[in-house]
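Before any comments, here is the structure.
The values are calculated or read from the model by the stated rules, or taken from the named source; none is laboratory data. Here the structure is a predicted model, which means the values were calculated and not measured. In this analysis, Cβ positions are derived from the backbone assuming ideal geometry, glycine residues included, and neighbour counts consider all displayed protein chains.
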Amino acid sequence: MMAPFSEMVVALLLLASGVVVLAAALGLWRLPDFFARLHAPALASTLAAWIVTLASIIHFTVRAGELSLHVWLIIIILSITAPVTTIVLARAALFRRRLAGDDLPPPLSGHEV
Amino acid sequence: MSPLLNLAITVTLGLYALAMGIGLLRLLRGPSAQDRVLALDFLYVVGMLVMLVLAIRYDSSMYFEGAFLMVLFGFVGSLAMAKFLLRGEVIE
């Protein structure tokens with residue numbers, strides 16, 4: 001028996017998100033430096049989260065017969081919080097590496113960090 | 001729930017589990033403390049995605065509340081740990 005078209009779309013979207021998350025994990029594992037590794041998890045918290053949210057919206061909208069958008073809240077919260085975490089973590093890493101005497105680019109303005 | 005969607009959800013959860021395993025390796029191995037915090041933040045995000053997929057699997061919106069809380073507490077936790085790495089104090 002053929003599955004409904006909406007379920008095929010949801011299945012494809014979920015598989016795509018699984019592949020994207022796996023790519024993010026591989027990036028977290030394989031990239032050489034902390035500042036390079038900082039880029040990888042953004043793939044999971046942006047693209048994968050958007051895809052899963054789209055799949056969830058399609059599934060619950062078809063299931064309920066009316067538009068159900070409440071999962072959208074997660075995307076809004078995530079797109080506010082993920083950059084803040086990344087920037088604070090990058091500043092912390094920069095501070096610690098400079099404290100340890102690593103050869104990193106100097107601060108842009110004259111003052112110390 | 002068609003067998004196709006069921007299979008896709010199983011495969012997706014397997015891929016997520018694999019990704020979380022790799023993230024856990026980075027958490028255990030990670031040369032510096034900030035690597036571990038980054039890996040923990042990644043684990044929080046993937047755990048949130050698992051909750052969203054389980055919401056589709058069991059057709060329940062309760063999982064949505066769980067995912068929402070995981071986003072918020074993951075943010076607070078990661079921010080507190082990054083702040084601790086920055087100064088050695090969470091609240092100063």
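Structure values in brief
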| quantity | calculated |
| --- | --- |
| Residues within segment A:20-61 that are part of a helix (DSSP H, G or I), surrounded by fewer than 16 Cβ atoms within 10 Å (Cβ to Cβ) and of a type outside the set (D, E, K, R), tallied | 4 |
| Leading residue by the ranking (surrounded by the fewest Cβ atoms within 10 Å (Cβ to Cβ)) among those in segment A:1-19 that are more than 8 Å from chain B (Cβ to nearest Cβ) and in a helix (DSSP H, G or I) | A:F5 |
| Unique residue being at pLDDT 90 or above, among the basic types (K, R) and over 15 Å from the mean Cα position of the chain (by Cα) when the list is A:R30, A:R37, A:R63, A:R98 | A:R30 |
| Test set (1) within 24 Å of A:P32 (Cα to Cα); (2) crowded, with 17+ Cβ neighbours inside 10 Å; (3) facing chain A (nearest Cβ under 9 Å) - B:S32 fails condition number | (2) |
| Checklist (1) surrounded by fewer than 18 Cβ atoms within 10 Å (Cβ to Cβ); (2) among the charged types (D, E, K, R); (3) facing chain B (nearest Cβ under 7 Å) applied to A:R97, failing item | (3) |
| Residue check, A:F60 closer than 29 Å to B:G88 by Cβ, among the hydrophobic types (A, V, I, L, M, F, W, C) and either touching a residue at least 40 places away in the same chain (Cβ under 8 Å) or at the interface with chain B (Cβ under 9 Å from one of its Cβ atoms) (or both) | no |
| Whichever residue in segment A:64-80 is at the interface with chain B (Cβ under 7 Å from one of its Cβ atoms) and surrounded by fewer than 19 Cβ atoms within 10 Å (Cβ to Cβ) and, among such residues, is farthest from B:L40 (Cα to Cα) | A:H70 |
| Segment B:20-30: number of residues that are touching a Phe, Trp or Tyr at 6+ places or on another chain (Cβ under 8 Å) and not basic (K, R) | 3 |
| So B:M48, is it within 21 Å of A:I51 (Cα to Cα), touching a residue at least 24 places away in the same chain (Cβ under 8 Å) and either crowded, with 19+ Cβ neighbours inside 10 Å or facing chain A (nearest Cβ under 7 Å) (or both) | yes |
| Single match in B:A19, B:A55, B:A8, B:A67 (criterion: facing chain A (nearest Cβ under 7 Å), without any contact (Cβ under 8 Å) to a residue 12 or more places away in the chain and farther than 15 Å from A:T86 by Cβ) | B:A8 |
| Pair list, Cβ < 7 Å and 6+ apart or interchain, from segment A:33-49 residues that are under 21 Å from A:A11 (Cβ atoms) to residues that are assigned to a helix (DSSP H, G or I) and among the hydroxyl-bearing types (S, T, Y) | A:A48/A:S17 |
| Residue within segment B:78-92 that is more than 9 Å from chain A (Cβ to nearest Cβ), on the phi > 0 side of the Ramachandran plot and surrounded by fewer than 19 Cβ atoms within 10 Å (Cβ to Cβ) present | yes |
